[in-house]
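Here the structure comes first, spelled out in structure tokens, and everything after it is commentary.
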2 protein chains.
Amino acid sequence: MTEPSSPTDDSSTPSDPTRRTPPAVAVVDAQSPGNVGTIARAMKNFGFEDLLLIDPPELDPEGEAYGFAGHAREDVLPNATEITFDELVSNYHTIGCTAVTNEDDRSHVRFPFSTPADLADRLPTVEAPTALVFGRERVGLTNEELAEIDEICSIPADEEYPVLNLGQAATVTLYELRTLTLAGDETQLPDLERVRAPEETVDRLYDQWGDLLEEINHPEEKREKTMRMLRRIYGRADLTAREANTLLGLLRRATERPER
Amino acid sequence: MTEPSSPTDDSSTPSDPTRRTPPAVAVVDAQSPGNVGTIARAMKNFGFEDLLLIDPPELDPEGEAYGFAGHAREDVLPNATEITFDELVSNYHTIGCTAVTNEDDRSHVRFPFSTPADLADRLPTVEAPTALVFGRERVGLTNEELAEIDEICSIPADEEYPVLNLGQAATVTLYELRTLTLAGDETQLPDLERVRAPEETVDRLYDQWGDLLEEINHPEEKREKTMRMLRRIYGRADLTAREANTLLGLLRRATERPER
């Protein structure tokens, strides 16, 4: 682990200047090294870098934390900073994550709250150093800790069992906040718009279907309805250019039916 | 584990008829019982019930699967159904989850894909039995398996390390698909709209601020700008009725300043 450093320290600037500075992730008093590793892995998956540990368990390089961390074992986990809870709340705008909220504004300890999706919308406008704070297994963050924290975040889940495992809660939260760290072209997924069939090609496909319906003597009065069904099918399927062209070729051959 | 049953079997109808039938969750050839437990827990957190296991590891009731399952150890996990991959693909509309997609439509094995958020939008219109399929640790679903699967789902993640751990991938996917299983009033979160301060109360707060600015001789020419700033602050804060009323009382007392 590295020494504590002020979050405004220049050294904490991410190496790639085109990326926005993402929130830090703070884990308070985790008992299981495996959960710390799981959180580090989710951070790496969704572009977060700065892991803050408050009263962490021992993180043996041969143990579960590193075993669960995937590639985060190379940077996020060894670069984690151990700080106190007081340092955390005095240096960061803190967002405490909890499964259990208060019901209304008669208590402010766990109310009002944002969902991770709300945070993803709102946080891009906030410039100050921000930390997402996750509590210990079983009891989470205590009311005393939450009272010192700036705002509350809660993941919507089944009212019959809303308590996520620590590592799973952090994974869902970081997934939702990936828009703070990853621009659209920084995910592994290719841009589907680029390959969707041009409307012109899809129109040729419908024309070809029209020819085929005629060729097979599909009843005149049913053609309009059939064409509408075909439009609905292909419309839902978001054909790629290659798919549309392949279908067009097949239909053309079906229409022309060369003599065998 | 229970005996295999057809997904159209009446016995698979959820006990609460007001809930829609959620997709089943299939796990193919998982190596680690802990991951099966993690997936069962996420299912329970987000309202999914039907766990299908293909070539599962041994799930010892004293072991990691039950240890990681939380309350899902009481139902989702013991009620899991062991089936073959062939039974899976012949009885369900299958959605295979993979971190690695093809780049474009030159190959259809892993392309085109939907994100979990896309699926959440689209699946409510689909009535047929549907299964989300997760592959083994490290290699996921093989190309041979994916070729038999109806469609592909991929979680957007950092292009530098898009591979989520099996349990974490399932957790994120089920989180996104919770809208298929949980109506808005079935999460643990209270409805914030119900407690947001009525506009009328917030207007009284601004009027009181106006009185206070006058009382403290805030320069006339600055008042409009200051009022705008106050509106922006409270506007962003989504005050609850109780917060607005408390502030109103404080400001009233600050304005009236009874002689001490």
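Where a number appears in this text, it was derived from the coordinates with a stated rule and is not lab data. Treat the numbers as computed from the prediction; the structure is a model and nothing was measured. We place every Cβ from the backbone using ideal geometry, glycine too, and count neighbours over all the protein chains shown.
Overall, segment B:193-256 carries a charge dipole of about 340 debye about its Cα centre when +1 sits on the Cβ of Lys and Arg and -1 on the Cβ of Asp and Glu, all other atoms neutral. Overall shape of segment A:158-199 was characterised from the C-alpha gyration tensor. The equivalent ellipsoid obtained from it has semi-axes of 32, 15, 7 Å, in decreasing order. For segment B:88-163, GluC sites (Glu not before Pro) are listed when DSSP marks them as loop and at most 10 other Cβ atoms sit within 10 Å of their Cβ; the list is B:E127. Across peptide B:164-177, the average count of Cβ atoms from other chains found within 10 Å of a residue's Cβ is 6. Working value for chain B: equivalent-ellipsoid semi-axes of 53, 22, 17 Å, each the square root of 5 times a Cα gyration tensor eigenvalue, largest first.
In chain A, the DSSP-assigned H stretches of four residues or longer account for a calculated mean residue ellipticity at 222 nm of -11500 deg cm²/dmol, using -39500 (n - 2.57) per stretch and the full residue count as denominator.
Reported value for segment B:193-256: 65 Å³ per residue, from the convex hull of its C-alpha atoms.
Going by neighbour counts of Cβ atoms within 10 Å, the residues B:R242, B:R41, B:R236 line up, fewest first, as B:R236, B:R242, B:R41.
Shown here for segment B:89-129: trypsin sites (Lys or Arg not before Pro) in loop regions (DSSP other than H, G, I, E, B) with at most 13 other Cβ atoms within 10 Å, namely B:R106. Of all DSSP beta bridges located in chain A, what percent are antiparallel, nearest 5? Expressed as a percentage, antiparallel bridges in chain A total about 10.
Considering only A:T115, A:V89, A:T179, whose Cα is most displaced toward the positive end of the charge dipole of segment A:10-186, charges sitting on Cβ of Lys, Arg (+1) and Asp, Glu (-1)? Toward the positive end, the furthest listed residue is A:T179. Across all Cα atoms of the protein assembly as shown, the radius of gyration (one decimal) and Dmax (whole number) stand at 27.2, 108 Å. Dipole orientation for the protein assembly as shown: of the candidates A:P129, B:N79, A:A30, A:P129 has the Cα lying most toward the positive pole (charges on Cβ; Lys, Arg +1; Asp, Glu -1). Here the protein assembly as shown is treated with +1 on each Lys and Arg Cβ and -1 on each Asp and Glu Cβ, and its dipole about the Cα centre works out to around 1280 debye. The Rg/Rh ratio of segment B:55-184, with Rg taken over Cα atoms and Rh as the Kirkwood radius over Cα pairs, comes to 0.96. The ranking of B:S114, B:S107 by Cβ neighbour count inside 10 Å, starting from the fewest, reads B:S107, B:S114.
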